[in-house]
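Reading through the structure tokens given below for one structure.
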Amino acid sequence: MGYYDGILLGLSTGSVCLAYCGPVLIPYMLGENNTISRNYLDVSLFLAGRLAAYIAIGFITGVLGKFLLQPSPLSSMITGISYIVLSLLLILYGFYQFKEVCLGRSKSRMDSASGKNKTILVPLTGGILTGLNICPPFVLAIAKAAALHNITKSTVFFILFFAGTSVFFIPLPFLGFFKRQQVLRTIGKFAAILSGVVYLYKGIMITFN
Amino acid sequence: MKHLTVIPAYIWAFSCTLIILFTFMGNPFLAKKLATLPFMKVNPVFSGGDITRSYSQDSLVITVYKPVFESLIGSSNHGFVQVKLAGVNQLPQIIHCTIDYDADSKADFCLNINTASNETKLESLNPLVTAINVSSRVKNYWVVRVNLEKNTRR
Amino acid sequence: MEIKSDYSTTGNLRKTLLMMIPMLLLTFLFISGGKPDFSNKVNVFAFLLTFLFFNWLFFMILFTGKTNRYRKTGFIVLALFFSFTFILNLIQMRGSMTFSDNNLLSCEIPFCHIVSTMVIIPAVVTKTIIFPGRINEGFASISSMLVIITGISVAVGRGFCSWGCFYGGWDDGCSGILAKPLIKKVNPVFKWMPFAVLLIVALSAAVTLSPTYCMWLCPFKTITEYQKVTNLEVLFQTIIFLILFAGLVLVLPILTKKRIQCATFCPMGALLSFTNKVNIFGLGIDKDKCNNCLNCTKVCPTFSITAKDVEKGKSDFTCTKCGKCIDACSKKAIHYHIKGTPVNKNHSLNRILFLMPSFTLLLIFTGRPLLNGIELIIKLITTGSLI
């Protein structure tokens, strides 16, 4: 196991991302009377914005992990303890209806961020803002990426985390999404709880092994 | 338009019984065909990998397998090498052997195995060789898997 | 389009016996394996009992018009006798229910259908199967089981969970022990948990290249085989599967009268639910007859019918086609339905077309274990030994 369990974390929590941010962003971006190709362009720009945000976070985390957190028994223990704490948060996140703010939900924020030219910048900005959404899976991803002590691996970890979360966005125009958003949210929360348990075990093994 | 779907639907529904029958009665044939597909081989993590060479040492026949560093994408930094030990006539109670797993004419590790008490001791002669993964009798021979670190300095 | 002939066998002995003819032949074929062994009285008795049992079940399903009661009987027999004969076979071969390192190293582990949820991604990416089994030799080889799972998915979809799964009979049986549930309200939101389990086990198996559900979560190791406890991690795994079996398979189904393991945990059920989307058989609700009593929603063991589904006129895609709602509907408004045909027509024909593949499946999985199990029980009674 290594940096590619980012995809595991992303896939296990991506449906929650979609369910919280999607219903506000996608109708706003797509609007009415758009062709399918325009819809896909908007979704692609949205995902590109998210990817840019994740690459930036991955790079920064990698720098922190490489230069500030040298591999040592103490850093392993810190990693293990942070896994334990964050996995407990992930489990709580799964059980309770957290009214977290999806950074992309505020229409006024998006309007001010995109300025006058909304046609391309709106989905792009929305993607960047959702990519920076602070939630337990995201913070756990940061802890995991930092523990790799490698800038490239950390960046790749976040790219794979992005890929995992984005799977749920890709078939959006065709899936009758709005009928099943509650179901996706539920599955995402269950997946978050199970992921939390997995990372709790890993955290305990890293801390006490 | 609706009539166009009814007959094919009933034909498909009827054929489901035939599918069940064919699945089970034709299973040996179908399974044999499926087994020829490229992905139908057990991952080296479970099979132990491919055999690289087999040679005799004292009263033992030693089979060394290719080191396994399997990963979903690329390769892992941690893996193992499997060694199979068989007796020329029968498996001896005490096995002592030296193994060169990468065929570089340098011994990599020594194994001391008591096949009666199931004790295995590893003496590492190569920093890439770390620990015993598993050591067990399998039918008439003994299989040992030794954990390896990947050589990243080449 | 309505097919003019009436295929209803309910209460009609002549039509029932006519429809029995193919099943009589199939039961003979699959119980005997094509080579009937009447060499001694025990074999003959076991064969006759098994033959009569299946044909009696099918007769009652056709003649009474009730599906679930008799399906469940056969399904519980499958679960009990499969485990019984499997465990005995292991004890004869290995001396215990456990497998140890040497079985893993020899790749001698039988391939269970649930493993297929975990091998797909690694098979695509690494072009290997991440399971210590035999590709095409011996009992439950990888290729034979994959063929079986594919054929079943195409033919009956998630109907496998109620007509063929050799584990499902355990919680189906336990769910029928009490007359009334002690825990009356179970949040149906839990029916989505198997999809989360599927996601996590498929991904974790791909990342770790090991069948993580089998190692960590499968409760049915309790009644098949499990790894010998030689270290703390395996001990921990053993405790987990024992707790899951006790909780999800025994206690909660008894208390709730729902198939908790199948409905809220099994990743194979989640995977097969997707096959229901393309399977030709479904469940249709005739809204002209339905009086909205919602009795079907109360009895469904897998939370696959809700008030919204009744409004839509069909069960959800997680339906296992057990027939319990059909039997419970006082207005006879629910029927097996063939997609692409009218919902309120040809019920009898649709039912028979569904029963044929599904009962055949039940027969194929149950036949030999039941036959072998009867022979072993007779051996126990007459000799005092099972082995």
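When C:Phe86 is evaluated against the numbered criteria (1) part of a loop (DSSP other than H, G, I, E, B); (2) hydrophobic (A, V, I, L, M, F, W, C); (3) under 22 Å from C:Ile152 (Cα atoms), which criterion, by number, is the only one it fails?
The failed condition is (1).
Which one of these does C:His337 not meet: (1) free of Cβ contacts under 8 Å to residues at least 60 places away in the same chain; (2) touching a Phe, Trp or Tyr at 6+ places or on another chain (Cβ under 9 Å); (3) in a helix (DSSP H, G or I)?
With (1) free of Cβ contacts under 8 Å to residues at least 60 places away in the same chain; (2) touching a Phe, Trp or Tyr at 6+ places or on another chain (Cβ under 9 Å); (3) in a helix (DSSP H, G or I) applied to C:His337, the lone miss is (3).
Looking at (1) away from every other protein chain (no Cβ under 14 Å); (2) farther than 20 Å from C:Cys319 by Cα; (3) polar (S, T, N, Q), which one does C:Ser162 not meet, given that it meets all the others?
That leaves (2) as the condition not met.
Residues are listed down the side, and each one gets a yes or a no for (1) of a type in the set (S, T, N, Q); (2) closer than 30 Å to B:Val143 by Cα:
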| position | (1), (2) |
| --- | --- |
| C:Ser39 | yes, no |
| C:Lys66 | no, no |
| C:Met97 | no, yes |
| C:Ser100 | yes, yes |
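Test C:Phe365 against the stated conditions and say whether it is aromatic (Phe, Trp, Tyr), over 15 Å from C:Tyr7 (Cβ atoms) and more than 13 Å from chain B (Cβ to nearest Cβ). Give the steps one after another, and end with the answer.
Working: aromatic (Phe, Trp, Tyr): yes; over 15 Å from C:Tyr7 (Cβ atoms): yes; more than 13 Å from chain B (Cβ to nearest Cβ): no.
When the stated conditions are applied, C:Phe365 does not pass them.
For the condition outside any helix (DSSP H, G or I) and not basic (Lys, Arg), what is the one hit in C:Asn344, C:Asn372?
Values: C:Asn372 fails: outside any helix (DSSP H, G or I).
Sole residue among the options that is outside any helix (DSSP H, G or I) and not basic (Lys, Arg): C:Asn344.
Please return the ranges of helices (runs of 4 or more DSSP H) entirely within region A:95-195 where 2 or more residues are modelled with pLDDT of 80 or more and within 13 Å of the chain's Cα centre (by Cα).
Details: elements: A:107-114, A:118-131, A:136-146, A:151-166.
Helices (runs of 4 or more DSSP H) meeting the threshold: A:136-146, A:151-166.
Just wondering, is there one or more residues in region B:100-107 that are out of contact with any helix residue (DSSP H, G or I) (no Cβ under 9 Å at 6 or more places or on another chain) and not in a loop (DSSP other than H, G, I, E, B)?
Start the filter on region B:100-107 by keeping residues that are out of contact with any helix residue (DSSP H, G or I) (no Cβ under 9 Å at 6 or more places or on another chain), which leaves B:100-107.
Then drop every residue that is not not in a loop (DSSP other than H, G, I, E, B), which leaves none.
Scanning region B:100-107, I find no residue that is out of contact with any helix residue (DSSP H, G or I) (no Cβ under 9 Å at 6 or more places or on another chain) and not in a loop (DSSP other than H, G, I, E, B), so the answer is no.
Starting from region C:152-164, take each residue that is crowded, with 24+ Cβ neighbours inside 10 Å and list its partners that are of a type in the set (Asp, Glu), counting only C-beta distances under 9 angstrom and pairs at least six apart or across chains.
Final answer for the pair search is C:Ser162/C:Asp172.
Filter region C:96-140 down to the residues that are among the small types (Gly, Ala, Ser) and buried (at least 19 other Cβ atoms within 10 Å of the Cβ), then identify the one that is nearest to the other protein chains (Cβ to nearest Cβ).
Step one: list which residues in region C:96-140 are among the small types (Gly, Ala, Ser), which gives C:96, C:100, C:106, C:116, C:123, C:133, C:138, C:140.
Filter once more, keeping what is buried (at least 19 other Cβ atoms within 10 Å of the Cβ): C:116, C:123, C:133.
Numbers: C:Ser116: 12, C:Ala123: 5, C:Gly133: 7 Å.
The qualifying residue nearest to the other protein chains (Cβ to nearest Cβ) is C:Ala123.
Is it true that B:Asn147 is away from chain C (no Cβ under 14 Å), within 29 Å of B:Ser75 (Cβ to Cβ) and in contact with a Ser or Thr (Cβ under 9 Å, 6 or more places away or on another chain)? Write out each step before concluding.
On the way: away from chain C (no Cβ under 14 Å): yes; within 29 Å of B:Ser75 (Cβ to Cβ): yes; in contact with a Ser or Thr (Cβ under 9 Å, 6 or more places away or on another chain): yes.
Criteria met by B:Asn147.
Going through C:Lys345, C:Lys324, C:Lys379, C:Lys332 one at a time, which residue ends up being touching a residue at least 12 places away in the same chain (Cβ under 8 Å) and within 14 Å of chain B (Cβ to nearest Cβ)?
C:Lys345 is the lone residue from the list that is touching a residue at least 12 places away in the same chain (Cβ under 8 Å) and within 14 Å of chain B (Cβ to nearest Cβ).
Just give me the residues in region B:42-58 being within 22 Å of C:Ser100 (Cα to Cα) and without any contact (Cβ under 8 Å) to a residue 40 or more places away in the chain, in sequence order. Let's see the steps before the verdict.
Keep residues of region B:42-58 that are within 22 Å of C:Ser100 (Cα to Cα), which gives B:42-49.
Across region B:42-58, the qualifying residues are B:Val42, B:Asn43, B:Pro44, B:Val45, B:Phe46, B:Ser47, B:Gly49.
Just for strands (runs of 3 or more DSSP E) wholly inside region B:108-154: which have at least 2 residues that are surrounded by 15 or more Cβ atoms within 10 Å (Cβ to Cβ) and under 17 Å from the mean Cα position of the chain (by Cα)? Don't jump to the end; show me each part of the working.
Working: elements: B:109-114, B:119-124, B:129-138, B:141-149.
Qualifying strands (runs of 3 or more DSSP E): B:129-138, B:141-149.
Taking only region B:23-67 into account, find how many residues are more than 11 Å from the chain's Cα centre (by Cα), aromatic (Phe, Trp, Tyr) and more than 7 Å from every other protein chain (Cβ to nearest Cβ). Please lay out each step first, then the result.
Our first condition is that a residue be more than 11 Å from the chain's Cα centre (by Cα); within region B:23-67, this holds for B:23-40, B:52-64.
Going one step further and asking which of them are aromatic (Phe, Trp, Tyr), we end up with B:24, B:29, B:39, B:55.
After this cut, where a residue has to be more than 7 Å from every other protein chain (Cβ to nearest Cβ) as well, the list is B:29, B:55.
The qualifying residues number 2.
Quick one: which of B:Leu91, B:Leu4 is out of contact with any helix residue (DSSP H, G or I) (no Cβ under 8 Å at 6 or more places or on another chain), assigned to a loop (DSSP other than H, G, I, E, B), over 25 Å from B:Leu148 (Cα atoms) and of a type outside the set (Lys, Arg)? Can you show your working first?
Details: B:Leu4 fails: assigned to a loop (DSSP other than H, G, I, E, B).
Checking each option against the conditions leaves just B:Leu91.
The values are calculated or read from the model by the stated rules, or taken from the named source; none is laboratory data. Because the structure is predicted, anything quoted here is derived from the model rather than measured. Using ideal geometry, Cβ is built from the backbone for each residue, glycine included, and neighbour counts are taken over all protein chains shown.
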